[in-house]
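A short write-up of the structure that comes next.
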Amino acid sequence: MIIEEIQGLLCEKFGEKISPFEADAVHDSCILVDPASVDVICRYLYDDERLAFDMLMCLSGLDLSPEDENLSVVYHLFSDVHLHKVPIKAVVSKENPHLPTVENIWKTANWHEREAYDLFGIVFEGHSDLRRILLPDDWEGYPLRKNYKEPDIYRGMKVPY
Amino acid sequence: MATEESKFIEVQPFSDEMVLSMGPQHPSTHGVLKLELRLDGEIVREAIPHIGYLHRCFEKHAENLSYPQIIPFTDRMDYISAMNQNWGFCLAVEKMMAADEKFSGVPERAEYLRVLVGELNRIASHLLSFGTYGMDIGAFTPFLYAFRDREEILLLFEEICGARLTYNYIRIGGVSRDMPPNWLDHVKNFIDYFEPKVDEYNTLLTENKIFIARTVKVAVLDEDMAINYGITGPNLRGAGKKWDLRKDEPYSIYDRFDFDVPIGHDIPRIGAVLGDCWNRYKVRMDEMKESVRIIRQILNQKIPEGPIMAQYKAVRPPAGEIFDRSEAPRGELGFYIVSDGSVKPVRLKAKSPCFTALSALQELSKGLMVADIIAIIGSIDIVMGEIDR
């Protein structure tokens, strides 16, 4: 199934929650969805027999520039049954970066969401164990945000070398 | 009265539980991995992995470097199979560059060289995995054999690119240098020498009674669970799923070669069941033979003469985003790249196959013995450099 058809199915089911499709002529196109209903949409993508996205290949946070007021979360899905792929994108504000977890659909999301929380500060509501994963627990700030400034001192050690 | 009271002692049902920290410095955690084990005697109630000891924020570095400068960083992700890491990254960038009309595409000769070094590195990686797995569960000898043969591959790599571990050989649009004279003869000598060795190792370790006792029926990872966890590569194939990107989504020139995709099997003779540690290990042993087959086919075909590098002005992929994956020895290595048309990526995310494999450890290890933890970590074959990035 190609991305336009998947978009069509999602629009039929969820209507306004799916943004109009904008094809990227050069590279991958994304389906933009409403962040508050990511879990419901993903559940549909997983359960529906025509879609059957049983694999979450990658989950990444995304910050485009320091001026941008938004962060995004990109879900790269793959169906092992139908061998099709789709990227799903949800945009949240930097002020209040909350969206529901998809951990109970794909277990891959457990650690990947922790990573996005760790490096971008995106909070996944309902996640069973949302802690920092790569950085130390007492680290301050979210390094992959474009306006991140590293601390001068961490536990008595000079950080910039 | 006091004696009456002392009859009633408050007993916690799990008072025998003990918390044991395994690692970060532990020889069988394959790097710096810390496991927090909640034990009831010898039985593992829970094993919580703590990672990040090797974190150097590769993704943040990448945002401040031009695309060719990122390649050496990919070497240091999975340093056991650095060629495949270079290749995975270059494939993703080349896919983006394909829209650039000044980019001429990867030349044939470079594609052959890439497959050659990629498969040699896959053998080297599986050899290390085989050797250290044996050592982890008490068989020291296979380790020496594995390192002896891996050394030959490292010497071949040293000849072609000058480095033994972090190669920076596969570049965007081709490879960094052509092979030296007689290099193919050296590869052929190695392949002739190595091919019968795999069977020797099977008698040495695979069929070893103690090894079988330690790995058979331990930590069964079935196909559905593997897919739900996003586990790929030999770990997924060990669960019986025939899925290999080289075969099912061929990239580069893999569609020109004839090879099988080894998968796990139930083997009643030794009691192995689909998806146990033994099957995950066995898939790697079989894959080495398939890599030898691919290399032999390249040696028998004539590698075309010509350039080894594509023609292009600068690596400035057109704006947009891409997710591309390739089959590294440990599973599917994905790169998510967002470009704004400049020389540096806006965002680069590496999806590590070991990261997802390790995330399943918590569920796999429940109710097993402490000694089985070692068997699981060895069988999922992780490299911490890639997990922590």
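At-a-glance table
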| quantity | calculated |
| --- | --- |
| Condition met for B:Glu101 (more than 21 Å from B:Ile253 (Cβ to Cβ), open to solvent by 10 Å² or more (accessible area, probe 1.4 Å), without any contact (Cβ under 8 Å) to a residue 24 or more places away in the chain and within 14 Å of chain A (Cβ to nearest Cβ)) | yes |
| Some residue of segment B:202-221 being crowded, with 20+ Cβ neighbours inside 10 Å, within 30 Å of A:Ala52 (Cα to Cα) and more than 14 Å from every other protein chain (Cβ to nearest Cβ) | yes |
| Members of segment A:60-96 found to be within 11 Å of chain B (Cβ to nearest Cβ), of a type in the set (Val, Ile, Thr) and either in contact with a Gly (Cβ under 6 Å, 6 or more places away or on another chain) or open to solvent by 10 Å² or more (accessible area, probe 1.4 Å) (or both), listed by number | A:Val81 |
| Strands (runs of 3 or more DSSP E) (entirely within segment A:43-140) containing at least 1 residues that are farther than 24 Å from B:Arg325 by Cβ and not basic (Lys, Arg) | A:70-78, A:85-93, A:98-100, A:123-125 |
| Test: B:Asp244 is of a type in the set (D, E, K, R), closer than 24 Å to B:Leu113 by Cβ and open to solvent by less than 60 Å² (accessible area, probe 1.4 Å) | yes |
| Helices (runs of 4 or more DSSP H) within segment B:54-170 that include 1 or more residues of a type in the set (S, T, N, Q) | B:67-75, B:82-97, B:108-136, B:141-161 |
| Test: A:Glu125 is open to solvent by 30 Å² or more (accessible area, probe 1.4 Å), in contact with a His (Cβ under 7 Å, 6 or more places away or on another chain), more than 9 Å from chain B (Cβ to nearest Cβ) and of a type in the set (Asp, Glu) | yes |
| Residue in segment B:188-201 that is at pLDDT 90 or above and among the polar types (S, T, N, Q) present | yes |
| Residue under evaluation B:Leu205, criteria (1) assigned to a helix (DSSP H, G or I); (2) within 20 Å of the chain's Cα centre (by Cα), criterion not met | (2) |
| Members of segment B:280-313 that are more than 30 Å from B:Tyr67 (Cβ to Cβ) and part of a loop (DSSP other than H, G, I, E, B) | B:Gln301, B:Lys302 |
| Odd one out for A:Ile133 among (1) open to solvent by less than 40 Å² (accessible area, probe 1.4 Å); (2) out of contact with any strand residue (DSSP E or B) (no Cβ under 9 Å at 6 or more places or on another chain); (3) under 27 Å from B:Asn64 (Cα atoms) | (2) |
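The values are calculated or read from the model by the stated rules, or taken from the named source; none is laboratory data. Here the structure is a predicted model, which is why all the values come from computation and not from measurement. So basically every Cβ, Gly included, is an ideal-geometry build from the backbone, and we count neighbours across all protein chains shown. Heads up: the accessible areas ignore ligands, DNA and RNA and are worked out on the full protein's heavy atoms, side chains in. Shrake-Rupley method; radii C 1.70, N 1.55, O 1.52, S 1.80 Å.
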